[in-house]
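The values are calculated or read from the model by the stated rules, or taken from the named source; none is laboratory data. In this text, all values refer to a predicted model and were calculated from it rather than measured experimentally. Here Cβ is always computed from backbone atoms with ideal geometry, including for glycine, and neighbour counts include all displayed protein chains. These accessible areas exclude ligands, DNA and RNA; they are computed on the full protein's heavy atoms, side chains included. Shrake-Rupley method; radii C 1.70, N 1.55, O 1.52, S 1.80 Å.
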Amino acid sequence: QVQLVESGGGLVQAGGSLRLSCAASGRTLSSYAMGWFRQAPGKEREFVAAISWSGSSTYYADSVKGRFTISRNNAKNTVYLQMNSLKPEDTAVYYCAADSRGLGSDLSYKYEYWGQGTQVTVSS
């Protein structure tokens, strides 16, 4: 069993930056692909970014490409999402998720473990 806990969310002005962290416990994440998803009020959960188990492959939604960076530190059992040039439309609850297949995917159903989420609010 893997427990995931997100942190780093908050309120930021448009154009600002935040760094989200996702810390795991219960099992090492080194063999898991990790993903970040988000859900805005009244909308479905959507893919944001993913990283393979080794960190050699990363994937991004078109809406965040060039602004967000996903990374991981397997020694610390932690995954990060650096978010720059934030826009009001980035406002959402952000979730991290773990996929034991290790490859990374934009499909939420492929992730077995999910965190509780952290709120990101971007003001205009």
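Have a look at 33, 50, 24 and point out the one that is within 20 Å of residue 3 (Cα to Cα) and in contact with a Cys (Cβ under 9 Å, 6 or more places away or on another chain). Just one listed residue meets the conditions, 24. Of all the criteria given as (1) open to solvent by 20 Å² or more (accessible area, probe 1.4 Å); (2) within 23 Å of residue 123 (Cβ to Cβ); (3) in a loop (DSSP other than H, G, I, E, B), the one not satisfied by residue 44 is (2). Just for region 9-31: of the residues that are at pLDDT below 95 and in contact with a strand residue (DSSP E or B) (Cβ under 6 Å, 6 or more places away or on another chain), which one is farthest from residue 70 (Cα to Cα)? That would be 26.
Tell me, which residue of region 25-41 that is of a type in the set (A, V, I, L, M, F, W, C) and buried (at least 17 other Cβ atoms within 10 Å of the Cβ) is nearest to the chain's Cα centre (by Cα)? Write out each step before concluding.
Narrowing region 25-41 to residues of a type in the set (A, V, I, L, M, F, W, C): 29, 33-34, 36-37, 40.
Now restrict to residues that are buried (at least 17 other Cβ atoms within 10 Å of the Cβ): 29, 33-34, 36-37.
Working: 29: 14, 33: 11, 34: 8, 36: 2, 37: 6 Å.
Filtering region 25-41 for residues that are of a type in the set (A, V, I, L, M, F, W, C) and buried (at least 17 other Cβ atoms within 10 Å of the Cβ), the one nearest to the chain's Cα centre (by Cα) comes out as 36.
For region 25-47, the tally of residues that are free of Cβ contacts under 8 Å to residues at least 60 places away in the same chain and of a type in the set (Lys, Arg) stands at 2.
Check whether at least one residue in region 79-100 is of a type in the set (Asp, Glu), closer than 18 Å to residue 32 by Cβ, touching a Phe, Trp or Tyr at 6+ places or on another chain (Cβ under 8 Å) and open to solvent by 60 Å² or more (accessible area, probe 1.4 Å), and report yes or no.
no
When residue 75 is tested against (1) touching a residue at least 12 places away in the same chain (Cβ under 8 Å); (2) surrounded by fewer than 17 Cβ atoms within 10 Å (Cβ to Cβ); (3) in contact with a Ser or Thr (Cβ under 9 Å, 6 or more places away or on another chain), only condition (1) is not met.
Taking every residue in region 6-24 that is surrounded by 13 or more Cβ atoms within 10 Å (Cβ to Cβ) and pairing it with any residue that is aromatic (Phe, Trp, Tyr), at least 6 positions away or on another chain, the pairs with Cβ-Cβ distances below 7 Å are 6/94; 6/95; 9/94; 19/80; 20/80; 20/94; 21/80.
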